[in-house]
Every structure is written in C-alpha cells, then in structure tokens.
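Contents: one structure, followed by commentary.
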Amino acid sequence: MIDSLFNLLPDLNKAFYETIYMVLISLAIAIIVGLPLGVLLFVTDKDLFLENRPLKSILGFTVNMIRSIPFIILLVALLPLTNLITGSTIGPTAASVSLSVAAIPFFSRIVETSLREINKGIIEAAVAVGATPWMIIKDILIPEARPGIIQGLTLTTISLVGYSAMAGIIGGGGIGDLAIRFGYYRYDNTVMVTTVVILICLVQLIQFAGDKIARITDKR
Amino acid sequence: MIRVEHLKKEYTTKKGTVIGVNDVSLTIERGEIFGIVGYSGAGKSSLLRCLNLLEKPTSGNVQVDGTNLGNLKEKELREARQKIGMIFQHFYLVSSKTVFDNIAFALKAAGKTKKEMESKVTELLELVGLSDKRDVFPSQLSGGQKQRVGIARALANDPKVLLCDEATSALDPSTTKSILSLLKKINLDLGLTIVLITHEMEVVKDICDRIAVMENGRIVEIGRVYDVFSKPTQELTRSFINSVLDFDLPEHILKKSTGTIVKITFQGSVAEESVVSDMIQKFKVKGNILHGKIEYIQGTPLGIFVMELKGESTEIAMAAEYLRNRTQNLEVIQND
C-alpha cells in the first residue's frame with residue numbers, strides 16, 4: 001500500500017496544484033465580478049439609494065438563470081466561450097472559465113445577503129451626512145458586511161473545490177478528478193481514500209481559516 | 001430657518017395609500033428648539049425625515065436656510081444635507097469603524113483633508129466629552145456614549161440645523177437628562193436650530209421653546225411650550241401633558257368629598273403670589289388641597305393645584321370667581 005501511495009505521489013502533487021490553480025483563478029474572478037454584482041443587486045433594491053427596479057430585475061433574473069443550470073451542463077455548454085477566452089477547451093485553465101461563471105452568481109447572492117443584514121438606519125445615517133453612493137458602498141456597506149462576505153468567500157471556495165472535481169470531464173485535472181479516474185473507475189481504494197482524505201483536510205483548512213478571519217474582522 | 005409649506009407625504013402600500021403627513025405648514029425660527037410630539041403613527045417621523053429629504057414629499061415645499069430642497073440636484077442636495085445634522089433613536093453608528101472614523105466619515109463626505117479631519121474630530125470629541133474613547137469601537141460604548149458619538153457626527157460639518165429622531169427614547173432617564181443638556185448647550189453655544197420629535201413630554205418640558213402636537217398627519221396644536229402646557233386646547237395635548245402633570249384624583253377621594261373641587265393653574269408671576277391665602281381670608285370658605293405641583297418650564301413656574309372648597313355655596317361661588325380673576329385659569333371639576 002505504501003508502495004502504491006509512493007507511486008501516486010507525482011500524480012497527487014500535480015492534481016493538488018491543479019485544484020489550487022482552478023480554485024484560485026475562479027475565486028479571484030468571483031470576487032472581481034461577483035462582489036460588484038452583489039453590491040449592485042443590493043443597492044438597486046427598493047428604497048435604497050440607487051433604487052433601479054428594471055436593472056435589479058434583469059440582474060436578478062440572470063443570476064438565478066445561471067445558478068439554476070447544473071454545473072456539469074454549464075461546463076459543456078460554455079465550451080465555445082472557453083475556447084474564445086483561453087484558446088483551448090481542455091486543461092485546468094479552460095475549466096476555470098466555467099468554474100468562474102458558476103462562482104460569480106453564487107458569490108454575488110451571498111454578498112447581497114450579507115449586505116441585507118446591515119441595519120438600514122446605518123445606511124440612512126450615511127445618506128443624511130451627505131455621502132456619495134460610492135462612499136457609502138466603499139466606506140459603509142463593504143466594511144459592515146465584511147464578516148458575512150468573508151464567510152461567503154469560504155463557502156464559495158469550498159463549493160469550488162467540490163465543483164472542480166467535475167472539471168475532469170474536460171480534462172481539467174485536480175484532486176477530485178484523480179479520485180474519480182483512479183479511485184472510482186479503477187477500483188483503487190488506496191487512491192480513493194487518500195484523495196478523499198486530502199479533500200477533507202483541504203476543506204477543513206479553508207473553513208478554519210475563513211472562520212478565523214471573519215471573527216477578527218467582526219467588530220459588532 | 002425652516003419653512004414647510006403644504007407638505008404632504010403619502011405612502012403606497014399593498015393595501016392602498018397611507019397618509020404620513022397631511023398638509024402641514026410650519027415655520028421654525030433660527031436658534032430655537034422645536035419639539036414635535038405625537039403618538040407613533042402620527043406622522044412626526046415622516047415630517048422630520050422630509051426636512052432633509054430622507055423621504056421625498058409627495059407635494060409641498062421644504063425650505064431650509066432659504067434653500068428649497070426640492071429644487072436641488074443630487075450633488076447640491078448632498079451638500080445641503082451636510083448642513084443639516086441628524087441623530088437617531090438607535091444611533092446608527094458604523095460598527096466596523098472606531099469612534100474617530102465614524103465621525104471622520106461625515107467630514108470625508110464633505111471632502112475634508114486628513115489634517116482637517118484630525119483637528120475637527122478632536123474638537124468634536126472634546127465637545128461631547130468622549131476624548132478618551134477616540135479609538136474604541138461602538139460595541140464597547142454605552143447608549144449615552146453612542147448618542148454622543150452620533151451628535152459629534154451630526155455636528156461634524158458645522159450644520160445650521162440638527163434633526164433629532166427620538167434621540168433619547170432608547171436611553172434611561174439620567175442619560176436622557178445628560179443628552180438633553182448637551183443638546184441645550186449646543187443650541188446656546190453654536191446657535192444651532194434643533195428640531196426634535198419625541199413621545200416623551202419630559203423632553204419637551206426640559207428643553208423645547210415651541211412645540212407642535214401631531215395627530216393623523218396634521219398639526220393639531222402649536223405654540224410656546226409654556227403656553228401649551230398651561231392652556232392646552234386639544235384633548236390629545238392634555239393627555240400628553242398629563243404624562244408629566246398628572247392630576248387625576250382617585251375615585252374614592254372624589255366620592256368622599258363634599259365640597260366643590262376646583263383645579264387652579266398659576267402661570268408665571270401669579271405662581272409666586274399668595275393667591276390662595278388671600279382668597280381664604282377674603283371669603284368664608286375652607287380650602288383643602290387635594291393635589292398640587294409646581295413645575296418649572298424653562299425657569300418659569302407653572303403651578304397646578306386641585307382644591308376642595310367648603311362653605312356656603314354663595315361664598316364658594318364668589319371665592320371661585322375671585323380665583324378665576326386672579327389666575328385667569330380655573331376649572332371646576334366637581335360641584336357639591
């Protein structure tokens with residue numbers, strides 16, 4: 001068993017980096033696109049300082065639509081887009097496109113929910129001192145929702161680790177893919193158990209770090 | 001300073017239109033402390049929030065310091081709001097920011113530099129007596145301290161008007177007193193016009209110059225606090241005043257009494273005269289005080305006494321007439 005583990009090591013090593021690579025890229029894009037999207041979903045809502053019903057409806061509908069598509073279908077359906085962006089339809093970089101597309105609406109809804117937790121009065125007090133919408137977003141909304149947003153990032157990261165297992169369909173690689181190919185298809189329990197253990201540790205670590213950071217930033 | 005003309009605010013809900021403010025016209029003078037009282041739902045909060053356009057009036061005008069707020073563009077309105085401070089019942093401080101940053105935010109909104117912020121915030125903290133709490137987060141402050149931060153934030157851009165939305169309703173009585181005296185001090189030192197809404201008559205009695213009583217979106221009574229307290233014309237006003245000056249006699253006292261019961265209100269200098277003893281010497285009646293209190297409303301005494309007068313009915317009638325002439329304010333509660 002030790003032998004087979006040892007033989008597995010190079011594969012495992014590569015798969016680990018692929019997972020981290022895919023998760024980090026899509027996480028970064030989820031933050032870059034999803035955070036503003038989540039803020040927009042919130043501030044265009046009724047009775048808020050940038051109320052805009054049509055925009056809110058369009059954004060809300062789009063987000064729901066993407067979220068309702070099963071990831072495995074999204075992965076395949078987005079192949080033309082993936083080709084356009086990365087110039088390829090296989091490999092971890094290609095898989096990151098679909099992962100990002102799935103992560104953006106997921107994260108943006110979490111951001112929206114965290115913002116909704118903020119007492120409306122605090123926002124109103126900021127309006128009353130004559131702050132601009134941008135100042136309110138930057139100096140009030142984001143800092144006040146920070147603990148919730150960080151927990152949302154933890155949640156998104158863990159979901160991405162899970163989704164990345166499916167990236168194997170388009171040759172994305174990663175630990176999950178390794179578990180399916182070696183462990184499941186070839187009935188290799190050693191590989192199966194090892195990869196699952198690694199995934200468990202990874203998820204626990206992400207959760208632990210996320211909770212810790214959220215707690216530090218929480219001043220309530 | 002503030003001029004409200006035919007202000008109307010309606011809310012559209014699922015069940016139809018609800019009227020918040022119904023055709024209110026009002027002028028608030030520079031440097032006065034103006035109180036608006038009413039039960040919840042009377043529209044006082046809506047009215048106050050229309051004064052800095054946190055709520056857009058359905059119709060009517062709001063003028064603050066000569067500017068019609070309704071005509072302003074977004075940017076101009078933001079600048080106008082910097083000159084209208086506001087404090088809230090639940091303080092609404094930003095929990096992720098220190099006391100310093102909470103106050104500095106208002107200055108940042110006005111485009112002040114770091115250096116200006118530093119000196120202004122230090123000055124404001126001194127004014128509200130929180131210099132030692134500069135780098136503390138709001139969660140570590142007491143209610144009274146939070147409201148002081150709220151006041152400092154509201155005063156950051158040297159406003160001309162301060163709106164207080166039930167600012168003391170979440171505080172205990174002694175903290176309320178200290179916040180009120182701070183407001184009074186600001187009013188005197190900075191010449192700030194203060195508009196406050198409250199359901200606590202105690203607050204009005206302590207610091208307001210004038211008062212408006214609201215019901216169903218309308219102002220039903222308005223006047224100088226002393227006048228309204230001594231001669232309320234509306235039943236609603238009376239019930240509010242009763243919360244501070246309660247003169248209801250217990251049922252069994254009323255039943256037991258055999259004479260005529262009168263309620264005498266002494267206003268101003270009359271309260272310092274010996275009206276009652278003069279009356280007793282002049283007429284053949286016996287006076288028995290059942291209830292009484294002298295309140296000082298901003299230094300002017302307001303005395304209210306409930307007396308039972310005993311004796312011959314003609315004498316009593318003459319005595320009552322005498323009291324009425326001397327005090328201008330006599331109410332016969334029960335005849336024998």
Gap separating the Cα centres of segment A:46-116 and segment A:173-220, nearest whole Å: 24 Å
Under 18 Å from residue B:97, Cα to Cα: aspartates and glutamates that are on another chain or at least 8 residues apart: A:117, A:124, A:139, A:144, A:218, B:118, B:132, B:135
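Suppose a student asked you for the relative contact order of segment B:1-81, using Cα pairs under 8 Å spaced at least 6 residues apart; what percent would you report? The partial results should precede the final answer.
Numbers: 123 pairs, mean separation 28.7, N = 81.
This gives 35 percent for segment B:1-81.
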Kyte-Doolittle mean at least -1.0 and Cα axial length at least 18 Å: DSSP H helices in chain A: A:2-29, A:53-68, A:92-116, A:142-164, A:189-217
Span-rule helices in chain B, defined as complete DSSP H runs reaching 15 Å or more along the axis (Cα) with Kyte mean at least 0.5: B:99-109
Kirkwood Rh and Cα Rg combined as Rg/Rh, segment B:218-292: 1.03
Residue A:119 paired with residue B:23, simple spin-label distance in nm, labels 7 Å along Cα-to-beta-carbon: 3.8 nm
Average projection area in nm² (convex hull over Cα atoms of segment A:2-217, one quarter of hull surface): 13.4 nm²
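Considering only Cα-Cα distances, which of the following residue pairs are longer than 30 Å: B:256/B:284; B:9/B:108; A:138/B:115? Present the calculation step by step, with values, prior to reporting the outcome.
Numbers: B:256/B:284 22 Å; B:9/B:108 32 Å; A:138/B:115 21 Å.
Beyond 30 Å: B:9/B:108.
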Percent antiparallel among DSSP beta bridges (both partners in segment B:2-242, rounded to 5): 55 percent
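When a/c reaches 1.5 or more, the comparison of a/b and b/c decides; with that in mind, is segment B:124-171 rounded, prolate or oblate per its Cα gyration tensor? Let's see the in-between values first.
Numbers: a/c = 2.40, a/b = 1.18, b/c = 2.04.
It is oblate, given that a/c is not under 1.5 and a/b is not larger than b/c.
Neighbour counts of other C-beta atoms within 10 Å: give me B:258, B:168, B:122 arranged from fewest to most. Write out the running numbers ahead of the final one.
On the way: B:258 7, B:168 26, B:122 14.
Ascending number of Cβ neighbours within 10 Å: B:258, B:122, B:168.
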Low-density loop positions, trypsin sites (Lys or Arg not before Pro), segment A:172-213 - DSSP coil, at most 13 other Cβ in 10 Å: A:186
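Could you calculate the contour length gain from residue B:15 to residue B:30, that is, 0.36 nm times the residue separation minus the distance between their Cα atoms, to one decimal place in nm?
Details: separation 15, 0.36 × 15 = 5.40 nm, distance 4.02 nm.
Extra length available between residue B:15 and residue B:30 comes to 1.4 nm.
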Zone of residue A:212's modelled label, taken as backbone nitrogen in segment A:16-52 under 20 Å from a point 7 Å along Cα→Cβ: A:20, A:24
Relative contact order, percent, chain A [alpha-carbon distance under 8 Å, six or more residues apart]: 27 percent
Lys, Arg +1 and Asp, Glu -1 on Cβ, resulting dipole of the protein assembly as shown about Cα centre, debye, nearest 20: 780 debye
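On full extension of the chain, what length is gained from residue A:14 through residue A:86, given 0.36 nm per residue of separation minus the C-alpha to C-alpha distance? Each step should come with its number before you reach the end.
Working: separation 72, 0.36 × 72 = 25.92 nm, distance 2.06 nm.
Contour length minus Cα-Cα distance gives 23.9 nm.
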P(r), alpha carbons of chain B - 10 Å bins starting at zero, rounded %: 5, 22, 26, 20, 14, 8, 4, 1, 0
In nm, spacing of pseudo-spin labels at residue B:256 and residue A:58 (7 Å Cα→C-beta vector): 7.9 nm
Residue order, fewest to most surrounding Cβ atoms within 10 angstrom, among B:252, B:6, B:291: B:252, B:6, B:291
Exposure proxy ranking, count of Cβ atoms within 10 Å, fewest first, for A:166, A:135, B:214: A:135, A:166, B:214
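Name the shape class, rounded, prolate or oblate, that the alpha-carbon gyration tensor gives for segment B:71-208, where a ≥ b ≥ c are the square roots of its eigenvalues, rounded holds for a/c under 1.5, and otherwise prolate holds if a/b is larger than b/c and oblate otherwise.
Values: a/c = 1.70, a/b = 1.19, b/c = 1.43.
It comes out oblate by the Cα gyration axes.
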Simple spin-label estimate for residue B:199 and residue B:79 in nanometres, 7 Å along Cα-Cβ: 4.0 nm
Estimated FRET transfer efficiency when R0 is 60 angstrom, pair residue B:246-residue B:113 (beta carbons, to 0.05): 0.65
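Only Cα pairs under 8 Å and at least 6 apart count here; give the relative contact order of segment A:89-220 as a rounded whole percent. Show your work: numbers first, answer last.
Details: 116 pairs, mean separation 40.2, N = 132.
Once divided by the residue count of segment A:89-220, the mean separation gives 30 percent.
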Percent antiparallel among DSSP beta bridges (both partners in the protein assembly as shown, rounded to 5): 70 percent
Cα-based radius of gyration of segment B:251-334 once divided by 2.2 N^0.38 Å, which approximates compact folds: 1.07
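Laboratory data are not the source of any read-out in this text; all were calculated from the coordinates shown. Since we're looking at a predicted model, the values are computed, not measured. Quick reminder, even Gly has a Cβ in these numbers, built from the backbone with ideal geometry, and neighbours come from all protein chains shown.
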